[in-house]
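Structure first, then comments.
The values are calculated or read from the model by the stated rules, or taken from the named source; none is laboratory data. Everything numeric here is computed off the predicted structure, so don't read it as measured data. When we count neighbours, we look across all protein chains shown, and the Cβ atoms used for this are built from the backbone with ideal geometry, even at glycine.
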Amino acid sequence: MTALLTLQSVSKRFRGLVAVDAVSFAVPEGEIFAVIGPNGAGKTTLFNLIAGAMVPDEGSIVFAGQPIGGLSADAVCRRGLARTFQIVRPFPALSVEDNVTIGALQRHRDVGGARTLAHKLLEQLELFDKRDRRAATLTLPDRKRLEVARALATGPRLLLLDEVMAGLRATETDRMVAILRALNRDSGLTILLIEHVMRAVMALASHVLVLDHGVTIAAGAPETVVRDPAVVKSYLGAEAV
Amino acid sequence: MIAQLESGVSRRGAALLLLLLAAFAVAPWIVNDYLLTVLIIILYFAFAGQAWNIMMGFAGQLSLGHAIYIGLGAYVAATLFIRFGVGPWLGLLAAIPVCAACGAVIGYLAFRFRVAGVYFAILTIAFAEFARIGFDHFDLVNATSGLFLPVSQHTHNDLWQLRGDPRMFYFVILAATAVVFVLCHFLRRSRVGYFWLAIREDEQAARATGIDTFRYKMYAVMVSAAVTSFAGVFYAFFYNNLFPEQVFSVSRSIEIILGPIIGGVGTLFGPILGAFVLTGLAEVLNSAMTAFGVDLPGATQVFYGICLLLVVAGLPEGVWPPLARRLGVGPRRT
């Protein structure tokens, strides 16, 4: 089991506030790894550091044997690390098909080839019937899946999902869980997700890391982590056990 | 090649386009000299609007200083012609890199230092103003006294030197407008075109999708500037005189962009339709005022203002997208 992504004591400060404090972990290749924690725990900041939207103040981020800390977001994506956004950001005025085609153009120089790949992914994400709709007209669950399709189209080895279940109803969550599990199983895609929906975390993740105030308070297998007293106290609440 | 040209164009759209082109082709034998001049001006604005649209409509970068590329193109070609006897087509070959380089400098400064949106637009105005003031003191091109191209009575049309009657100029600008239309059609459906649209829609999401936004925004500015340079060369040889105050003025930049805004930013047909609506109706207004013996200076500008107001309030996408849907040639999406 080799690590695809390794963080070594990564820190990020915003003036006085330490948003991410010496966080270290390794995401093994082919696994689904979840980062959980209460609001303001530094999860999205951690994500932005990995995805190149922010530069870490300290520590190293190594992806597939190469340091990527401080690379720009587009360079990180071209290395094989694609992300979605907590607040979805599809290209609103473009069609669903064009949204995914743009992602696929990272892998295909010709538009025709990219479009073929986009069709395949739209089938997989159950959006093919809506391919001619403008992205802005989609419902939230559809837009979330569209973002996943666009990220997948860039051909990532690691998919970063920022609260992709947030705002989804239970049936939609199950649908997304099924899609992600199939992706992981069929193509060996490694997934790193930030998630509040414990139902999804428990169903998907093989590893869980819990952040609170920027600090790792627990890490390990999901069943162990949810019984950790520190996690229960700071995040899950006593009734969750 | 032909199949590619047809991709994304409905049968009906193609038929209408051919009909329009045919109408343009026979127009010089039907209309009088005055209307021919109006048509030339319309096509000039359609061309320049199309060039501006590459930057704004495709890549979402608002330039309010496109007069700088018109002015540079005009001055480069006119100076080469007057001082060194170099013809306009060779002059164009010099104007293109000059304008692209100028666009690259403005783009680099803006994008490198993350000047975006309204601030980017202001920067483009500032550069056009620098150019205006700079050329006012540029003695090699006669500064404020202006440049004049020799006009002599020609017995025949010299296409190579762009000296001739309005009919020749008409066909030159018609061909140029057609070429840039086809160019934009291909650009829009190319890899670069898709990356531009992504940047226009959401730059951060575009970066997260692996697009080097700096690089593709630079391409947009440079291509737009390079294409615009031809409008400048045409301007110089059609009007035969150049003054910095005129060619680089902010109102020149605004005139160019009104057409595409009214026609529909980001559409291929918007700039052409917008040029027609604006220049066409403004000329109708002028003729009507002359006929009724009314003399109101600035009426055209007021008219432009009213058009802009109506379109912004009533048709925020511009005139073309709803019209295209009505004609049944619009895009098939909801």
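Out of the stretch B:195-215, which residues are at the interface with chain A (Cβ under 9 Å from one of its Cβ atoms), in contact (Cβ under 8 Å) with a residue 40 or more places away in the chain and over 19 Å from A:R107 (Cα atoms)?
B:R200, B:E201, B:F214
Name the residue, out of A:L71, A:L46, that is outside the structural domain of A:K144 (by TED's automatic domain parsing) and in contact with a strand residue (DSSP E or B) (Cβ under 6 Å, 6 or more places away or on another chain).
Just a single option satisfies the conditions, and that option is A:L46.
What is the one condition in (1) assigned to a helix (DSSP H, G or I); (2) crowded, with 22+ Cβ neighbours inside 10 Å; (3) within 14 Å of chain B (Cβ to nearest Cβ) that A:G113 does not satisfy?
With (1) assigned to a helix (DSSP H, G or I); (2) crowded, with 22+ Cβ neighbours inside 10 Å; (3) within 14 Å of chain B (Cβ to nearest Cβ) applied to A:G113, the lone miss is (2).
Could you please find all residues in the stretch A:103-114 being within 24 Å of the chain's Cα centre (by Cα) and within 13 Å of B:S190 (Cβ to Cβ)?
Keep residues of the stretch A:103-114 that are within 24 Å of the chain's Cα centre (by Cα), which gives A:103-108, A:114.
Correct list: A:L105, A:H108, A:A114.
Scan the stretch A:79-110 residue by residue and report those that are more than 26 Å from A:R133 (Cα to Cα), outside any loop (DSSP other than H, G, I, E, B) and in contact (Cβ under 8 Å) with a residue 60 or more places away in the chain.
Taking the stretch A:79-110 as the starting set, the residues that turn out to be more than 26 Å from A:R133 (Cα to Cα) are A:79-81.
When the remaining residues are screened for being outside any loop (DSSP other than H, G, I, E, B), the result is A:79, A:81.
Hit for the stretch A:79-110 is A:L81, nothing else.
Yes or no: the stretch B:159-170 includes at least one residue that is of a type in the set (A, V, I, L, M, F, W, C), at pLDDT below 90 and over 30 Å from B:A25 (Cα atoms).
No, every residue in the stretch B:159-170 fails to be of a type in the set (A, V, I, L, M, F, W, C), at pLDDT below 90 and over 30 Å from B:A25 (Cα atoms).
Among (1) at pLDDT 95 or above; (2) more than 7 Å from every other protein chain (Cβ to nearest Cβ), where does A:F91 come up short?
(2)
Only one residue in B:F186, B:F237 is aromatic (F, W, Y), away from chain A (no Cβ under 11 Å), assigned to a helix (DSSP H, G or I) and farther than 30 Å from A:G80 by Cβ. Which one?
After applying the criteria, what remains is B:F237.
Quick check, is B:A220 in a helix (DSSP H, G or I) and free of Cβ contacts under 8 Å to residues at least 60 places away in the same chain? Spell out the reasoning first.
Working: in a helix (DSSP H, G or I): yes; free of Cβ contacts under 8 Å to residues at least 60 places away in the same chain: no.
No; evaluated as a whole, the condition is false for this residue.
For every residue, the table says whether it meets (1) under 13 Å from B:T209 (Cβ atoms); (2) surrounded by 18 or more Cβ atoms within 10 Å (Cβ to Cβ).
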| site | (1), (2) |
| --- | --- |
| A:V76 | yes, yes |
| A:R83 | yes, yes |
| A:Q86 | no, no |
| A:I102 | yes, yes |
| A:L138 | no, yes |
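So which of A:A218, A:A203 ends up being over 18 Å from the mean Cα position of the chain (by Cα) and not in a loop (DSSP other than H, G, I, E, B)? Don't jump to the end; show me each part of the working.
On the way: A:A203 fails: over 18 Å from the mean Cα position of the chain (by Cα).
Testing whether each residue is over 18 Å from the mean Cα position of the chain (by Cα) and not in a loop (DSSP other than H, G, I, E, B) leaves just A:A218.
Are any of the residues in the stretch A:36-54 facing chain B (nearest Cβ under 9 Å), assigned to a loop (DSSP other than H, G, I, E, B), on the phi < 0 side of the Ramachandran plot and not small (G, A, S)?
If we filter the stretch A:36-54 for residues that are facing chain B (nearest Cβ under 9 Å), which is where we start, we get A:51-53.
Then drop every residue that is not assigned to a loop (DSSP other than H, G, I, E, B), which leaves A:52-53.
If we keep only those that are on the phi < 0 side of the Ramachandran plot as well, we get A:53.
Right, trim to not small (G, A, S) and you get none.
No, the stretch A:36-54 contains no residue that is facing chain B (nearest Cβ under 9 Å), assigned to a loop (DSSP other than H, G, I, E, B), on the phi < 0 side of the Ramachandran plot and not small (G, A, S).
Please work out if B:I96 is in a helix (DSSP H, G or I) and touching a Phe, Trp or Tyr at 6+ places or on another chain (Cβ under 6 Å).
Against the criterion (in a helix (DSSP H, G or I) and touching a Phe, Trp or Tyr at 6+ places or on another chain (Cβ under 6 Å)), B:I96 does not qualify.
How many residues does the stretch A:116-138 contain that are outside any loop (DSSP other than H, G, I, E, B) and more than 10 Å from chain B (Cβ to nearest Cβ)?
Going through the stretch A:116-138 one residue at a time, the tally reaches 11.
If B:V265 satisfies all but one of (1) over 19 Å from B:G60 (Cβ atoms); (2) within 14 Å of another protein chain (Cβ to nearest Cβ), what's the number of the condition it fails?
Of the numbered conditions (1) over 19 Å from B:G60 (Cβ atoms); (2) within 14 Å of another protein chain (Cβ to nearest Cβ), the odd one out for B:V265 is (1).
Condition test on A:R150, is it within 14 Å of chain B (Cβ to nearest Cβ), out of contact with any Lys or Arg (no Cβ under 8 Å at 6 or more places or on another chain) and part of a helix (DSSP H, G or I)?
yes
Can we say A:M165 is part of a loop (DSSP other than H, G, I, E, B) and within 24 Å of A:N48 (Cβ to Cβ)?
For A:M165, the condition - part of a loop (DSSP other than H, G, I, E, B) and within 24 Å of A:N48 (Cβ to Cβ) - is met.
Looking at B:V180, B:V192, can you tell me which residue is in contact (Cβ under 8 Å) with a residue 24 or more places away in the chain, within 14 Å of another protein chain (Cβ to nearest Cβ) and of a type in the set (A, V, I, L, M, F, W, C)?
B:V192
Residue check, B:A101 against (1) within 30 Å of B:A206 (Cβ to Cβ); (2) buried (at least 20 other Cβ atoms within 10 Å of the Cβ); (3) of a type outside the set (D, E), all met but one. Which one?
(2)
Could you look through the stretch A:205-223, keep only residues that are of a type outside the set (V, I, T) and buried (at least 22 other Cβ atoms within 10 Å of the Cβ), and pick out the one that is farthest from A:N184 (Cα to Cα)?
Among residues in the stretch A:205-223 that are of a type outside the set (V, I, T) and buried (at least 22 other Cβ atoms within 10 Å of the Cβ), the one farthest from A:N184 (Cα to Cα) is A:G214.
Report, by residue number, each residue of the stretch A:42-54 that is under 13 Å from A:I68 (Cβ atoms) and more than 13 Å from the chain's Cα centre (by Cα).
A:G52, A:A53, A:M54
Residues are listed down the side, and each one gets a yes or a no for (1) surrounded by fewer than 17 Cβ atoms within 10 Å (Cβ to Cβ); (2) away from chain A (no Cβ under 14 Å); (3) out of contact with any Gly (no Cβ under 8 Å at 6 or more places or on another chain); (4) in a helix (DSSP H, G or I):
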residue	(1), (2), (3), (4)
B:A131	no, yes, no, yes
B:R167	yes, yes, yes, yes
B:V172	no, yes, yes, yes
B:A176	no, yes, yes, yes
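Quick one: is A:D57 away from chain B (no Cβ under 12 Å) and over 13 Å from the mean Cα position of the chain (by Cα)?
Working: away from chain B (no Cβ under 12 Å): yes; over 13 Å from the mean Cα position of the chain (by Cα): yes.
In short, yes.
The rows are residues; the columns are (1) modelled with pLDDT of 95 or more; (2) away from every other protein chain (no Cβ under 14 Å).
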| position | (1), (2) |
| --- | --- |
| B:K217 | yes, no |
| B:M222 | yes, yes |
| B:S229 | yes, yes |
| B:L242 | no, yes |
| B:S251 | no, yes |
| B:I257 | no, yes |
| B:S287 | no, yes |
